[in-house]
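The next block holds one structure in the form of structure tokens; read it before the comments.
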Amino acid sequence: MLNKNRLFITKTLLSSLIRRRSRILVALLGTAIGATVLFGMVTLCYDIPRQMGKAFRSYGANIIFMPAGSHATIDLNLVNAATDLIPSTQRIGVTPFRYLAVRSNVVPYTLVGTDFQQITKTSPYWLIEGQFPSQDNEIMIGIDVANYAHLSIGDIMPIAGKSRQNDNFDQIFKIVGIVKTGKTEDSFIFVNFTKLESLLQEQNQAEVIELSISAPKEELQNYIAKVKLNFPSIEPHLIKWVTQSETQVLGKLSSLLYLVTSVVLILTMICVATTMMTVVIERRKEIGLKKALGAENRRIAKEFLAESLFLGFIGGLIGSLFGLLFAQVISREVFGSSIVFEFYLIPFTILISMLVTVVACLMPVKQAVEVEPALVLRGE
Amino acid sequence: MFGKMLLRVLTRQKKKSLLIVLTVALGVSLATSMLNVMFDVGDKVNQELKAYGANLNIVPKGASFVSDMYQIDDNNQATPSQFIQEDELVKIKMIFWAYNIVDFAPYLSVTANIDDKPVKIVGTWFDKHLIIPTGDEIDTGMLAMKSWWQIDGSKMVDDNLHGAMMGETLAKKLNLKIGDEFTIVAPKTQQIITLTVNNIFHSGGIEDSEIYVSLPIAQKLADKVGLVERIEVSALTTPENELARRAAQDPNSLSRNEWDVWYCTAYISSIAYQLEEVMPSVRVKAIMQVAESEGAILQKTQLLMILLTILSLVCSALAISNLVTANVIERSAEIGLLKALGASNSAVAMLIICEILIIGFIGGVIGYFIGVGFAQIIGYTVFGSTIEPKILIIPLVGLMVLFITLLGSVPALRMMIFLKPIDVLHGR
């Protein structure tokens, strides 16, 4: 008899515990979901416009340097000093260009000397068949040149011209690549910058320098003003075609992200609140019983406050971790780079989720404590 | 009996049921709006990327690049040797992908003298009204393609044969303002034309030292009536893939099937190919800077939206099923009573599932409309146009609600089966 009684007590205790546990789990899951969304979306909102800006750099250079006044070229040392004004994290690429009129089998062409490694950064859209020249006797030709002269990869091409000192040169080059851009590059011949320098017998000079900088328009304009002031022999130009359109499209994309974020946030927060409310509403009986036993309204409210604060804290903490994970996954998948996140967002997330749980808990509690305990205990 | 009980459960627990309906509605509206935006974001962003202007350049087939490059040699006169017939331009709107051609504009440039100084004059269509032989009517021209130009003065129209748009640099050099008159001397015919400055523009490129006039004026100056030098086309395209790249190299290397797929997809290479088909004497060049970057940005945006949509789907699913679980668990007393009165497990399960499904359905319908509303708000604020609600989303969301609510009630049903009526009725 005794044994049976004890068994019954443990059983009811256990079942109550289990039931209670599942309720806490439900509430915790709700707050954690809210916090995950909050943390993840805010982090993404903060970081994605920056990352998108980087993606927009695939449109190529947004600033060019040209020689000021009557000079034909700019000293590259000056260019290096000028580009050092930009933080290295924003500097995507700096490509020098040097042009020379040459002839090949009496046909006139333009030979362009450039840094191919920088080309891949400032002009990632160049469509290249074959590869970039790596040796000094290798060249890359534009698709129009290839079609006009019926040349293909592996062919050789004699090129003749004059250096700055008026010495004639006539050398044979091997074609290793054909470039296609749909613009003027299609009719040029490209060679290593250093090779062109040795043909020209002139060092460290360039006619045009293309810069790709990951920064908003205002910063670029500031930078241009700074260069104009400090380097009178450089004439910097903003490529309006690129910057203007980038500002416009990037603005739209950012506002899309902000709107989506706010919609998601509002809806999730309400979802969390309703879940919390349901969990609390079902405890009306408990509140009624406590009141019947003589508990003050304030005391009951305090109890629930403490409970919801605890839930909000734990949920916010778990949510921050998952939110970071999820923001990281999205950033890696979409942009292939790690997300930059602010540490202060963690306490911020925890605070907000505590606020939401407290508000969601206290609203039904307030209603419940105002009702006569007898009514609550009776059922309706 | 069953119906009565169901009705009673729904009406008696108004407040709780209302909360569940609200949560389901919110979750569904989140899913609906995100799905709607996701399906439409590609088109919308593609449209936005048209701000970068033309992505195709049409030039005459035989155009020798040498003369193009060395145009200064010939007594400062740009004299391209090949031209495109102006009449052929309407054919651009008659290809398979005609609807994807957003805008196009022809150009004819001629070097004429102002005060004995050579100046490049470019004739073009500004915003021309065209009637296509297929019956369509369109407005097309340069102004829509050069969104980054900053233009002062009233809008230039094509019928204005006495007006001109002058580049900022040139206007400064010649000391001209809007409304001022200037005379141009045609190089070959020595004809004199007087024009008024209608606009002064800033483009940030070489165009700033050029003058843009209506096409007939440039044709008269160049003595090339009915001819244009090149055409810029702005087309909506699908991002390139492996197939498109192979086709761009050589369309003949594709198998029959691949060729069909390629031809019927709006790749930039297939649009270029179709333009060459209708205009046999031209060569169509894709401007890689625009085409390639467009693809990259479009793919990134779409991927981002897809991932965000998946996230919000998962979140709303979790939230809904969480709430459903909470709701069923708390009703153990009621379930215990039903069981004590002799209801079988399956009958009770039936009751719970039916109730949840009805609530889910009501919430889902409300949520769907709220979601479509949210999608429209996003569409209007961000892109200034409506987001077409896709029919496909309705069954998708319906399935989601069904699945989630059922999944949410699984733990509760399991608990219900193992529930002993005596334990529950006893209280705690």
Evaluation of B:Val261 against (1) within 14 Å of another protein chain (Cβ to nearest Cβ); (2) touching a residue at least 12 places away in the same chain (Cβ under 8 Å) (one fails), failing number:
(1)
Select from the range B:277-293 the residues that are more than 14 Å from chain A (Cβ to nearest Cβ) and of a type outside the set (A, V, I, L, M, F, W, C) and write down the one among them that is nearest to B:Ala98 (Cα to Cα).
B:Glu277
Could we say that A:Leu44 is modelled with pLDDT of 85 or more, more than 11 Å from every other protein chain (Cβ to nearest Cβ) and on the phi < 0 side of the Ramachandran plot here?
no
Can you tell me how many residues within the range A:144-167 are open to solvent by 40 Å² or more (accessible area, probe 1.4 Å), touching a helix residue (DSSP H, G or I) at 6+ places or on another chain (Cβ under 8 Å) and within 14 Å of chain B (Cβ to nearest Cβ)?
2
Considering A:Ser88, A:Ser58, which residue is out of contact with any strand residue (DSSP E or B) (no Cβ under 6 Å at 6 or more places or on another chain), at the interface with another protein chain (Cβ under 10 Å from one of its Cβ atoms), surrounded by fewer than 22 Cβ atoms within 10 Å (Cβ to Cβ) and more than 30 Å from A:Gln201 (Cα to Cα)?
A:Ser58
Restricting to the range B:119-175, what's the tally of residues that are within 14 Å of chain A (Cβ to nearest Cβ), out of contact with any Phe, Trp or Tyr (no Cβ under 9 Å at 6 or more places or on another chain) and at pLDDT 90 or above?
0
Please find, within the range A:176-201, the residue that is surrounded by the most Cβ atoms within 10 Å (Cβ to Cβ) out of those that are over 33 Å from the mean Cα position of the chain (by Cα), touching a residue at least 40 places away in the same chain (Cβ under 8 Å) and more than 19 Å from A:Gln117 (Cβ to Cβ).
A:Leu199
Does the range A:310-324 contain at least one residue that is of a type in the set (Ser, Thr, Tyr), over 30 Å from A:Ser70 (Cα atoms) and open to solvent by 50 Å² or more (accessible area, probe 1.4 Å)?
no
Of the criteria (1) in contact with an Asp or Glu (Cβ under 6 Å, 6 or more places away or on another chain); (2) in the same structural domain as A:Asn80 (by TED's automatic domain parsing), which one A:Glu282 fails:
(2)
Within the range B:311-327, can one find any residue that is open to solvent by 10 Å² or more (accessible area, probe 1.4 Å), in contact (Cβ under 8 Å) with a residue 60 or more places away in the chain and not in a helix (DSSP H, G or I)?
no
Within the range B:84-96, of all residues that are surrounded by fewer than 20 Cβ atoms within 10 Å (Cβ to Cβ) and in contact (Cβ under 8 Å) with a residue 60 or more places away in the chain, the one farthest from the chain's Cα centre (by Cα) is B:Gln85
Which members of the range A:210-240 meet the condition of being within 12 Å of chain B (Cβ to nearest Cβ) and open to solvent by 80 Å² or more (accessible area, probe 1.4 Å)?
A:Gln221
Return the pair list, or none, for Cβ contacts closer than 7 Å from residues in the range B:237-258 that are modelled with pLDDT under 80 to residues that are open to solvent by less than 40 Å² (accessible area, probe 1.4 Å), at least 6 apart or on different chains.
B:Glu240/B:Tyr267; B:Glu240/B:Ile268; B:Glu240/B:Gly295; B:Ala248/B:Ser269
Exactly one of A:Arg21, A:Arg50 is within 11 Å of chain B (Cβ to nearest Cβ), surrounded by fewer than 24 Cβ atoms within 10 Å (Cβ to Cβ) and at pLDDT below 85, and that one is A:Arg21
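The values are calculated or read from the model by the stated rules, or taken from the named source; none is laboratory data. Since the model is a prediction, treat every value here as computed from it, not as a measurement. No Cβ is skipped: glycine too gets one built from the backbone with ideal geometry, and neighbour counts run over all protein chains shown. The accessibility values were calculated without ligands, DNA or RNA, using every heavy atom of the protein model including side chains. Shrake-Rupley method; radii C 1.70, N 1.55, O 1.52, S 1.80 Å.
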